[in-house]
Structure formats: C-alpha cells, structure tokens
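Since the structure comes first, as structure tokens, the remarks are kept for the end.
The values are calculated or read from the model by the stated rules, or taken from the named source; none is laboratory data. Keep in mind that this is a model prediction, so the values were computed, not measured. All Cβ positions, glycine included, derive from the backbone under ideal geometry; neighbour counts span all protein chains shown.
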Amino acid sequence: MPEEGKVTLSSSHPADETGRSASPQTERPDEEQRATVKWVLRTSALGVALVIGLNVVLYFYTGAWQMLAVAAGETLVMLSLIPAHRLTRRGKLDAASHWTIFSLMLAFGVAELFHAGITLYLLASGVLIILTAGNLVLRSKWGAWLAATGLFAIYTWAVNQVELFPRFDVSSLETPYFLMIGLVALLVLTGLWRLIQTYRRTQSIRLRLSFSSVVMVLLPVVVIGVVLFVVGSQNGRQQAVKQLESVAMIKEAEINSWVDSLHKDLDSILGVSQVTPRVLVLLQTPDPPDSQEFWVRSHLQRGVEQSVRFEELFLINDQGQTVISTDIRREGGDHSDQLYFREGLKGFYLQPPGYFRVEGQVSAIAARPIVGPDGQALGILAGRINPTTLSEIMGERAWLGETGEVYLVDRNHILLTALRFDESRYIPLNTEGVNAAIARLGSGSLSYQDYRGEPVIGVYRWLPHLQIALVAKQDRSEALSTTNSMLRVVSYVGLAAVAATVVASLFVSQSLARPLAALTETATQIAAGDLVLSASVERQDEIGRLAHAFNSMTAQLRSLIGNLEQRVDERTRALEQRSALLEASAEVARAASSILDAHQLIQEVVELIRERFDLYYVGLFLTDEAGEWAVLRAGTGEAGQAMLARGHRIKVGQGMIGWSIERGRARIALEAGEDAVR
C-alpha cells in the first residue's frame, strides 16, 4: 500500500455567532450610531466652548456688548446639548440627533445675529457643518438635515435684511477675525474627517462613489477658497492702504502749499512800496498820526479780503503790543509771552492750529518779522488764520468714495476740521487711528472703528511742523468691496461646483451601481437554482466584461450540472466493481473455511485471489520457525511452480516482501522491476 496521504481542505465560511470575527460589520448599527452621536456632541460642545471663550476675550478687548451677547447665546447652546446627551444615554438616538442638529443651527444663528463682516463664512461653514453632522447622525433621514440647512440659509438671509440689533463687524479686528474663521474651518475639517472615516466603513458602492466625488471637489474648493480669502484680504487691504496713503500725501502737500501761501501773503502785504515806510513809522513813533494808522489799517483790511486765508491781520511792535489790527477791539493787546511773537521776530513762523476755548474756535497765527533799514527786527506782521480754509482742504474727497474722509486733530485729540458724517465741531476724538498718530508721532495704518462705530481702514500721518495729526480713512466694506465681490463670486462658483459635483456623482454612481445591482440580483437567483438566467450585457467597460465573465461562469455551471448524471453513472459502475471485488473476497473466505488440508488451502486461496482480482501472479510466503526467512508456500502459474520446486525463499528484511514481513505493513511497487518481489 502506498504511504498514507494528507488532504487539506480549505473552505470559507461566515464568522460564527460568538463574535470572534474582526470585521467591523459585526458591530450593531445602533451602537455605531450611538458612538457617532456622542462624538458629534463632544465636538460640538468643544467648539461652542471655544467660541464662548473667544467672545469673552474679545469683550474685554473691544468693550462691545455684542461679544457678551454671543457668549450668552452660545452658553444657551451649550445647555441645549445636555438634553441631547440624556436622550443618547436613554437610547433615543434619532431624537438626540434631531436635537443636536437644532443646537448647531442655534450656535451659528446666534453668531450671525450679533456679528457682521463674516456672514459669508458663517453661512458656508454652517451649511457644511449641518450637512456633515446630519450625514453622520441621520444618514437615512436626509430630508431632516437638508430642511435644517435650508432653514439656516433662510434665517441668515433674513437677519441681513432686517437687523434687529446693532451688529459688531468682526472684520475690523484682523487677528480675531482670522482666528474666528480658522476656528470654524477647523470644526468643518474635523467633521469632514469623521465623515470620511464613517464612509470608509460603508458597504454601499454608490454612497462611497458619491462621497468620494464630493470630497475630491470640496477639498480643493475649500483650500482654494481659504487661500483666495487670505491672499485677497491682504491684497485688498494693502491696496486700500496705498490709496489712502496717496490721499494723505496729497493732503499733506496741500497743507504745505497752504503754509507757503500764508508766507507769501504776508510778504506781499508788506511788499507794497508805500507800506513799509508807513509801518516803520507806526512801529517807531509813540504817537503816530491818525492818517498813518488809518492808511495802514485799510491796507491790512484789503489784504484780509484779498487773501481769504486770514480773518485778521495786525502789527505788533518789538515790545509785543498790538499797534494796528483789522479788528480794532484787539489793538493794544499784549503778545509778548506768545511763542509766535518771539519766533516771528526771527523769521516766518506758523503757530500750530489749536482749539481755543475763549474764542470758541480753531485758531492759528502766522507771523513774519518787520525789519528796519539797519536789519533790526522792529516788530512782526501777524495774521490770524481763517479756520475754514483747513476744512476746505480736508473737505475735498477725491479718491475716497462714498465713505472716505480726511481730518486733522491736534495733539490734545481735538478735532480741527469738519467731519463728513457728523456736524459736531471741535470735539475730542479718541479713535484708534487718532490715538496711534499722537502716541507714535509718526505714520502708519490700521483697521479700527471710527467715531461712528463703523469698521474702517485708516492711515495717519504726524505733521511735526504743525504739531497736528492727519487721518485718512474709509469704511472697510467700501475699501474691500472689490475684494469681497471677488470672494463672493469665488464662493458662489465653488458652491455651484460642489452642487454640480453632487448631482453628477449621483448620476455616475447610479450608472455604476445599477448594473452591479442587477448583476447581484441575477447571481442571487442563479444561486437559488434558476440556471436559465443570464446577466444582461449593455456596456463594454469593466462592468460589461464582468457580466461576460459571469455569463461564462454560469454556462460552465450549467454544463457541470448537466454532466452530473453521467458522473453519477460512472461512480455507480465503480461501486459495482468494488462490490464484485468484495464478493470475490467473500468466496476466498468461504474456500478458506471449507478446505481442511493446509497445502491445498493455500494453493486454492492464491488461485482464487489471482482469478477474482484479475492478477497475473499471486504468491504466498510463510516465515520459518526461526523467523529469519520468508519461504514461498504457494504460487500461481508456471513461475510459481518453478519457484516452489527450487524452494524459493527471501530473507526477512530484504526486498519488498522481506520489508513488509519485518514491519507488518503493506507495500506497493508501481514498477515491479524497481522493487524485487522474488
């Protein structure tokens, strides 16, 4: 007999009911939903807590009550998550999921109600987060979270149409603005990451294809949108600052030109040939003739009327006393302690404009020396500046749009020129732009809230020779209108691309899933025994080739099953042959029991074996008394008789027969010549 073989059978079967399989599908759907709802609740609570903390910090930074209002509203949102958590613990997952979606709507709604300047980003991120959360916790009830998304979009539109409260423009705070947008973007990405992890475990090809298509479009749109937002905002602000700096430079140049004009006006008044001698007489004579005074006063009056930059001109002698003035009430006044008198004796000097409570208006004095024939200063010609001239210069608002303006402030924060949106005069201004200009005594730019509380982009320049600050500003919304329009277009295009991708992915996934579903249904029916069916082949792509291969496999299956009866017949005949062999074995046994002579018995047995088993030779060996030799006792045919005649024997342990006797085991030689049998 041949050596015993080992046959290894392999089979695949589903995991047993003990749950030892590592497949994630063994997790029950309600447990998976419970874990997902808990994750959404924890993430939402963390995001709301961060928003509360950020708004509290911004309240102390800005003092805006809207920050506290948002913090209070988000606290209510945090409290609203408690019932959702309790519903989750009780196993009411759908109710907890609906409550969670409502809380997310409330969180973004509160921020939109009191914050301005981030509507577009709150809308986009709110829609994405609501859709993501709904897809996670209410995947099969898409109508609920789509309705919630639509309600949130309508609410956002309504809030921007009818403002119930004054809203704080967060965009005026650059760092908090980017920080808030970054926080919302982080929450969106976290939700998308969880959604990706969830869809990786789904078994629906259609859902996986749709989700993959949307993600492949959404991620580039989000990344490009964020980059465009950051770069566009920076470029837009830089462009606005450059334009305002150009306006400020122009205004500064106009002020310098105005100062030069004041100098020239004073020079021209004294430049008339008849004026200087008469003025010298008035300054050097203690009691000059009235005619001289009248003539000089008339000349100065004509200078006021012609110049329009002065509202009063007067002569001061070297003792600081007013000798002649176009305002007779001021004649005789003492100016000896005034800086413009002391500096005016040295050369042209312009007193910095400032607000004088006694006069109740802005005033500035320009002075120049009156020199005698010996070059000695005998007094000064001074002019009180008309305050409206500065307002007229600042009032020209070219390149400032509908909201831009330029104004001057002295170092005491008092407004010197007219405002565009406020008729108040000579009021203190303490905006960030004014404070920065006076504190730094330099130039710069920043975003801040102006005297109206509106967010603006402004530049400031300190004019050291006048000791005043020049501030040019423009509403942020107008300054960045071009950038914001571009960003809105990009956002709309991005949303349209995502929407088109969703629709296209549904069609594509449907076109792929439908033939696969039909093929699966056909395979199920064939497995149930309907071998007549075949898969419909309507396309030549991979799915079509799969259908062809499936049909080929089905044909082979039908062929195999059709040949089953033939194989059964063959196996039946083989069994009949084995039955015949068993019958022959029985005959040998009967012969062995009926023949008493040992020599005759063994000879009869070998003959029966040869005949019944269709063998050409059978030999029977018995060992001698010593157990050393196997002696042939019976053999069939002439060969057997010849070996019996010569007493054929084989030493135990040698040859195939000796090996079998020694070990008590059967042995088969497939090639008789390769293993001695005699």
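Close contacts from the range 263-276, counting a first residue that is over 14 Å from residue 369 (Cβ atoms) and a second that is surrounded by 14 or more Cβ atoms within 10 Å (Cβ to Cβ) and at pLDDT below 85, with Cβ to Cβ under 6 Å and a gap of 6+ residues or different chains, come to 265/307. Scan the range 40-51 for residues that are farther than 18 Å from residue 131 by Cα and surrounded by fewer than 18 Cβ atoms within 10 Å (Cβ to Cβ) and the total you get is 3. Please go through (1) within 21 Å of residue 109 (Cα to Cα); (2) in contact with a strand residue (DSSP E or B) (Cβ under 8 Å, 6 or more places away or on another chain) for residue 56 and return the number of the only condition it doesn't satisfy. Only one criterion in (1) within 21 Å of residue 109 (Cα to Cα); (2) in contact with a strand residue (DSSP E or B) (Cβ under 8 Å, 6 or more places away or on another chain) is unmet by residue 56, namely (2).
Within the range 579-621, count every residue that is hydrophobic (A, V, I, L, M, F, W, C) and surrounded by 14 or more Cβ atoms within 10 Å (Cβ to Cβ).
Total satisfying the criteria: 13.
Which residue out of 495, 470, 487 is over 30 Å from residue 553 (Cα atoms), touching a Lys or Arg at 6+ places or on another chain (Cβ under 7 Å) and of a type in the set (A, V, I, L, M)? Unique residue meeting the criteria: 470. Inclusion of residue 369 among residues that are farther than 20 Å from residue 472 by Cβ and part of a loop (DSSP other than H, G, I, E, B) is not warranted.
Condition check: of a type in the set (Lys, Arg), in contact (Cβ under 8 Å) with a residue 24 or more places away in the chain and surrounded by 13 or more Cβ atoms within 10 Å (Cβ to Cβ). Does residue 368 satisfy that? So residue 368 fits the description; yes. Residue 459 meets each of the listed conditions (1) assigned to a helix (DSSP H, G or I); (2) touching an Asp or Glu at 6+ places or on another chain (Cβ under 6 Å) apart from (1).
Have a look at 483, 501 and point out the one that is touching a residue at least 60 places away in the same chain (Cβ under 8 Å), within 23 Å of residue 230 (Cβ to Cβ) and not in a loop (DSSP other than H, G, I, E, B). Can you show your working first?
Numbers: 501 fails: within 23 Å of residue 230 (Cβ to Cβ).
Being touching a residue at least 60 places away in the same chain (Cβ under 8 Å), within 23 Å of residue 230 (Cβ to Cβ) and not in a loop (DSSP other than H, G, I, E, B) holds for just one of 483, 501, which is 483.
Taking the range 372-410 as the range and being assigned to a loop (DSSP other than H, G, I, E, B) and surrounded by 23 or more Cβ atoms within 10 Å (Cβ to Cβ) as the test, only 404 passes.
Table: residues versus (1) over 29 Å from residue 328 (Cα atoms); (2) of a type in the set (Gly, Ala, Ser).
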| residue | (1), (2) |
| --- | --- |
| 369 | no, no |
| 372 | no, yes |
| 378 | no, no |
| 382 | no, yes |
| 391 | no, yes |
| 401 | yes, yes |
| 405 | yes, no |
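If only residues of the range 294-320 that are out of contact with any strand residue (DSSP E or B) (no Cβ under 6 Å at 6 or more places or on another chain) and in contact (Cβ under 8 Å) with a residue 12 or more places away in the chain are counted, the one that is surrounded by the most Cβ atoms within 10 Å (Cβ to Cβ) is 307.
Note on the range 349-358: among residues that are part of a loop (DSSP other than H, G, I, E, B) and under 60 Å from the mean Cα position of the chain (by Cα), the one that is nearest to residue 415 (Cα to Cα) is 353. Scanning the range 350-365 for residues that are touching a Pro at 6+ places or on another chain (Cβ under 9 Å) and surrounded by 15 or more Cβ atoms within 10 Å (Cβ to Cβ) yields a count of 4. Do we find that residue 227 is surrounded by fewer than 19 Cβ atoms within 10 Å (Cβ to Cβ) and outside the structural domain of residue 128 (by the TED database) in this structure? For residue 227, the condition - surrounded by fewer than 19 Cβ atoms within 10 Å (Cβ to Cβ) and outside the structural domain of residue 128 (by the TED database) - is met. Taking each residue of the range 407-429 that is over 14 Å from residue 473 (Cα atoms) and looking for partners that are in a strand (DSSP E or B) and hydroxyl-bearing (Ser, Thr, Tyr) with beta-carbon atoms closer than 6 Å, six or more apart or interchain, yields 414/355; 417/407; 426/355. For residue 138, which of the numbered conditions (1) crowded, with 17+ Cβ neighbours inside 10 Å; (2) closer than 19 Å to residue 31 by Cβ; (3) free of Cβ contacts under 8 Å to residues at least 24 places away in the same chain fails to hold? Condition (3) is where residue 138 drops out. Of all residues in the range 376-403 being at pLDDT 90 or above and of a type in the set (Gly, Ala, Ser), which is nearest to the chain's Cα centre (by Cα)? Filtering first and then ranking leaves 383.
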